[in-house]
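Data block below; observations after.
The values are calculated or read from the model by the stated rules, or taken from the named source; none is laboratory data. For clarity, every value in this text was computed on a predicted model and none was experimentally measured. Cβ atoms come from the backbone with ideal geometry, glycine included; neighbour counts cover every protein chain shown. All accessible areas refer to the heavy atoms of the entire protein, side chains included, with ligands and DNA or RNA removed. Shrake-Rupley method; radii C 1.70, N 1.55, O 1.52, S 1.80 Å.
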Amino acid sequence: KKKICELETISMSGSFKFNAYSELTFTVSRTYTNMVTGETQVNPFYDKIEALRLVYLESFGYFEIQDPEIVSDGIKEVKNITAYGLEYTLSQKYLENFKINTGEVDSVEVMHANGGLVTPVVLYNQAEPGLSLLDLTLEKIYGWKIGSVDQSLYPETTGRMFDVSRASIYDFIVQDICDKFNCFAIFDTINNTINLYSESLSVKHIGDNNTK
């Protein structure tokens, strides 16, 4: 997230979605007009606009650039950029053979048993990350951490069962976790945190322009 430059963009638009990754599109020209001399000059950062680099949009967060489309008419060249919200990177990381509260020998709660006592994995266990579904989901992901978790979602003593052969971490969070715990996820790409809130909060604040 080290700043390289400020981009002069053309035709920027955004699609900011709830419980789905957001999308940003814009165009950058290879050349620009120097406002002092009036000369046409090459954008010195044009070649740095490439796949996997990040774009920061103030007040919205970070987006990851996908493969830019280069368009040229022989005189003028531009790059058409599509960038996805940084949470999109979680769709490229996978959980495999991920068993939670199934009671099988390779299920996390059984492998974590202490003296034969099996304690279920719950959504969020701050005292015992090894029995915390959120911690287990993110333990192999660099750079992301748990942010706010609505207190109405925990603590609980009854664990939910999951048996995942292979699924992206993003899908597991926004589909499996959110479905079973009746919650929704907010990805803070500035602080790289994943926040969970009860679905009842989204209903409560519909139409409240003062609520963010």
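When the Cα centres of the stretch 90-104 and the stretch 16-35 are compared, how far apart do they sit, in Å?
35
³J(HN,Hα) across the stretch 103-118 via Karplus (A = 6.51, B = -1.76, C = 1.60, θ = phi - 60°), whole Hz, x for Gly/Pro?
Working through the residues one at a time gives x, 7, 5, 9, 7, 3, 5, 6, 5, 9, 4, 10, x, x, 8, 9 Hz.
Quick one: the Cα spread of the chain along its three principal axes, in angstroms, biggest first?
Answer, in whole Å and largest first: 77, 40, 25 Å.
Hey, if you put +1 on the Cβ of every Lys and Arg and -1 on every Asp and Glu Cβ in the chain, which of C5, S107, G85 ends up farthest toward the positive end of that dipole?
So the residue furthest toward the plus end is C5.
For the stretch 132-189, state which trypsin sites (Lys or Arg not before Pro) are in a DSSP loop and have at most 11 other beta carbons lying within 10 Å of their beta carbon.
K140
Which whole-number value in Å³ per residue fits the convex hull of the alpha carbons of the stretch 112-179?
Roughly 116 Å³ of hull volume per residue.
How big is the dipole moment of the stretch 9-59 about its Cα centre under a simple scheme where the beta carbon of each Lys and Arg is +1, that of each Asp and Glu is -1, and everything else is neutral? Debye, nearest 20, please.
Dipole size: approximately 100 debye.
Given DSSP loops and a limit of at most 13 other Cβ atoms within 10 Å, what is the longest stretch of the chain that contains no such chymotrypsin sites (Phe, Trp or Tyr not before Pro)? Intermediate values should be presented prior to the final figure.
Working: sites that count: F16, F18, F45, Y142.
Between the exposed loop sites, the longest stretch runs 46-141.
Amide H of T189: which non-local residues (sequence gap of 5 or more, or other chain) have their own amide H closer than 5 Å, using H built in the peptide plane?
Counting only residues 5 or more places away or on other chains, the set is Y62.
Could you run the Karplus curve 6.51 cos²θ - 1.76 cosθ + 1.60 with θ = phi - 60° over the stretch 81-87 and give me ³J(HN,Hα) per residue in whole Hz, x for Gly and Pro?
10, 10, 10, 9, x, 4, 4
Jot down the radius of gyration and Dmax of the stretch 10-123, Cα atoms only, both in angstrom.
Over the stretch 10-123's Cα set, Rg and Dmax evaluate to 23.4, 78 Å.
Keeping the other protein chains in place, figure out the carbon and sulfur percent of the accessible area of the chain, with a 1.4 Å probe.
Within the chain, the accessible surface is 48 percent carbon and sulfur.
Quick one: what are the phi-derived ³J(HN,Hα) couplings along the stretch 62-72, Karplus 6.51/-1.76/1.60 with θ = phi - 60°, whole Hz, x for glycine and proline?
Couplings: 9, 10, 9, 5, 8, 4, x, 9, 8, 10, 9 Hz.
Any chance you could look up the accessible area of V122 with a 1.4 Å probe, heavy atoms only, rounded to 10 Å²?
20
In debye, nearest 20, what is the charge dipole magnitude of the stretch 1-141 about its Cα centre with +1 on Lys and Arg Cβ and -1 on Asp and Glu Cβ, if you could check?
280
Pick out, in residue order, every one of the GluC sites (Glu not before Pro) in the stretch 97-160 that is DSSP loop and has at most 12 other C-beta atoms within 10 Å; say none if there are none.
Numbers: sites: E104, E109, E139, E156; in loops: E104, E139, E156.
Qualifying residues, ordered by number: E104, E139.
Among Y32, V121, I70, which residue has its Cα furthest toward the positive end of the charge dipole of the stretch 14-134, with +1 on Lys/Arg Cβ and -1 on Asp/Glu Cβ?
Y32
Using Cα-Cα distances under 8 Å and only pairs 6 or more residues apart, what relative contact order does the chain have, in percent? If you can, show how the numbers build up before the last one.
Details: 366 pairs, mean separation 34.1, N = 212.
Once normalised by length, the contact order is 16 percent.
Do the sum for the chain: with -39,500 (n - 2.57) for every DSSP H run of n ≥ 4, divided by all residues, what is the mean residue ellipticity at 222 nm, to the nearest 500 deg cm²/dmol?
Only helices count here, giving -2000 deg cm²/dmol.
Restricting things to alpha carbons, tell me how big the stretch 1-68 is in terms of Rg and Dmax, in Å.
Every Cα atom of the stretch 1-68 included, Rg and Dmax give 13.7, 47 Å.
Quick one: putting +1 on the C-beta of Lys and Arg, -1 on the C-beta of Asp and Glu, what dipole do you get for the stretch 71-131 around its Cα centre, in Debye to the nearest 20?
Roughly 220 debye, rounded to the nearest 20.
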